[in-house]
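Please read the structure below before turning to the comments.
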Amino acid sequence: METPGLLVHGEAAPFSTALRSLLNNPQYSDVCFVVGQERQEVFAHRCLLACRCNFFQRLLGPKLGSGMPSPVVLSTVPAEAFLAVLEFLYTNSVRLHRHSVLEVLTAAIEYGLEELRELCLEFVVKVLDVELVCEALQVAVTFGLGQLQERCLAFIEAHSQEALRTRGFLELSAPALLSLLRSDKLRVDEAELVLAARSWARVGCAGAAGGRGGGPGGAGAETGFAGPGGAECPGRAEPAGAAHPGGADRRGVEMPRSAKRGCGPGRPVPPPEGNPAPGASLLSGPAL
């Protein structure tokens, strides 16, 4: 009886480097994505995406036919986040940045990439700060990430005054805000908390009014959290998550919508002040 052969391994680094050279490379590519609001073209290879991710296996199945298909439109995922997802699928490693990690985390959840999801969560915890924490809380509430939600709430409880003054706080959805207001460990007095909640409601109402042209009762307005005095602020809807598929592309393929870190389109929120320089870290899964 013949004995089993011995499995030997070559060096992983040159193999990973060779695959990285194919990332967004039109040479030999057989699928093109049109990504984000900027409609950036991204080139990829169907067989690699399909064998690494069930989402792409379904998306890029036989229905696309042979040869180069029409571009696949993914308008709700930012191009930078999508390229990070492809980097992980091609090389099993990814370079994450503080300013975009939540978009990458959202894409990883929607595409069912559990390992990338865990790498993103690990990175978010490492870089969590006052400017990022409310945005991270929003993503945690949207996707039911209990441990991340607890870490964010604990951070906000320790830095309450600073966190309540950030753009991220004003962009929280109603469920995310309620999860914060339920805490009895916030280090602010009641008057400050009321003022922060009123600012949140006022910005939400202003954004909703601008989004429907300023007219009352505009078509398509969604009703959300109640503002001061019990008046409801339209447009304060829960951000779309994995359970809310987005619009179809030109061939009718359903695309998942990215979780919006704000509360609705057209929110007139001033830019954040004092953001630290974006950090980067190379997080890797098991070597290919």
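Of the residues that make up segment 60-75, is at least one open to solvent by 20 Å² or more (accessible area, probe 1.4 Å), in contact with a helix residue (DSSP H, G or I) (Cβ under 7 Å, 6 or more places away or on another chain), of a type outside the set (Gly, Ala, Ser) and at pLDDT 90 or above? No, there is no match, as no residue in segment 60-75 is open to solvent by 20 Å² or more (accessible area, probe 1.4 Å), in contact with a helix residue (DSSP H, G or I) (Cβ under 7 Å, 6 or more places away or on another chain), of a type outside the set (Gly, Ala, Ser) and at pLDDT 90 or above.
Of everything in segment 154-169 that is in contact (Cβ under 8 Å) with a residue 24 or more places away in the chain, open to solvent by 30 Å² or more (accessible area, probe 1.4 Å) and hydrophobic (A, V, I, L, M, F, W, C), the residue that is farthest from residue 134 (Cα to Cα) is 158. When segment 14-36 is limited to residues that are open to solvent by 70 Å² or more (accessible area, probe 1.4 Å) and touching a residue at least 40 places away in the same chain (Cβ under 8 Å), the one that is farthest from residue 59 (Cα to Cα) turns out to be 15.
The single condition from (1) touching a residue at least 12 places away in the same chain (Cβ under 8 Å); (2) out of contact with any strand residue (DSSP E or B) (no Cβ under 9 Å at 6 or more places or on another chain); (3) surrounded by 15 or more Cβ atoms within 10 Å (Cβ to Cβ) that residue 50 fails is (1). Listed conditions (1) closer than 23 Å to residue 114 by Cβ; (2) surrounded by fewer than 18 Cβ atoms within 10 Å (Cβ to Cβ); (3) touching a Cys at 6+ places or on another chain (Cβ under 8 Å) are all met by residue 41, apart from (1). Looking only at segment 181-192, count how many residues are touching a Ser or Thr at 6+ places or on another chain (Cβ under 9 Å) and either farther than 12 Å from residue 157 by Cα or exposed (fewer than 10 other Cβ atoms within 10 Å of the Cβ) (or both). Within segment 181-192, residues that are touching a Ser or Thr at 6+ places or on another chain (Cβ under 9 Å) and either farther than 12 Å from residue 157 by Cα or exposed (fewer than 10 other Cβ atoms within 10 Å of the Cβ) (or both) number 1.
Just one of (1) part of a loop (DSSP other than H, G, I, E, B); (2) open to solvent by less than 30 Å² (accessible area, probe 1.4 Å); (3) not aliphatic (A, V, I, L, M) fails for residue 120. It is (1).
Taken over segment 112-132, the criterion of being more than 19 Å from residue 85 (Cβ to Cβ) and either of a type in the set (Ser, Thr, Tyr) or within 14 Å of the chain's Cα centre (by Cα) (or both) is satisfied by 132 alone. Taken together, the criteria exclude residue 142 from residues that are of a type in the set (Val, Ile, Thr) and open to solvent by 40 Å² or more (accessible area, probe 1.4 Å).
Which one of 172, 137 is buried (at least 23 other Cβ atoms within 10 Å of the Cβ), of a type in the set (A, V, I, L, M, F, W, C), modelled with pLDDT of 95 or more and not in a helix (DSSP H, G or I)? Of the residues listed, the single one that is buried (at least 23 other Cβ atoms within 10 Å of the Cβ), of a type in the set (A, V, I, L, M, F, W, C), modelled with pLDDT of 95 or more and not in a helix (DSSP H, G or I) is 172.
For the residues 150, 115, the requirement of being free of Cβ contacts under 8 Å to residues at least 12 places away in the same chain and either closer than 22 Å to residue 186 by Cβ or surrounded by fewer than 24 Cβ atoms within 10 Å (Cβ to Cβ) (or both) singles out 150.
Tell me which residues, restricted to segment 86-105, are in contact with a Gly (Cβ under 8 Å, 6 or more places away or on another chain) and part of a helix (DSSP H, G or I).
88 - this is the single residue of segment 86-105 that is in contact with a Gly (Cβ under 8 Å, 6 or more places away or on another chain) and part of a helix (DSSP H, G or I).
Scanning segment 123-134 for residues that are open to solvent by 10 Å² or more (accessible area, probe 1.4 Å) and closer than 24 Å to residue 36 by Cβ yields 127, 131.
The values are calculated or read from the model by the stated rules, or taken from the named source; none is laboratory data. This structure is a prediction, so every number in the text was calculated from the model and none was measured. Note: ideal-geometry Cβ built from the backbone for every residue, glycine included; neighbour counts use all protein chains shown. Surface accessibility is based on the protein's heavy atoms, side chains included, excluding ligands, DNA and RNA. Shrake-Rupley method; radii C 1.70, N 1.55, O 1.52, S 1.80 Å.
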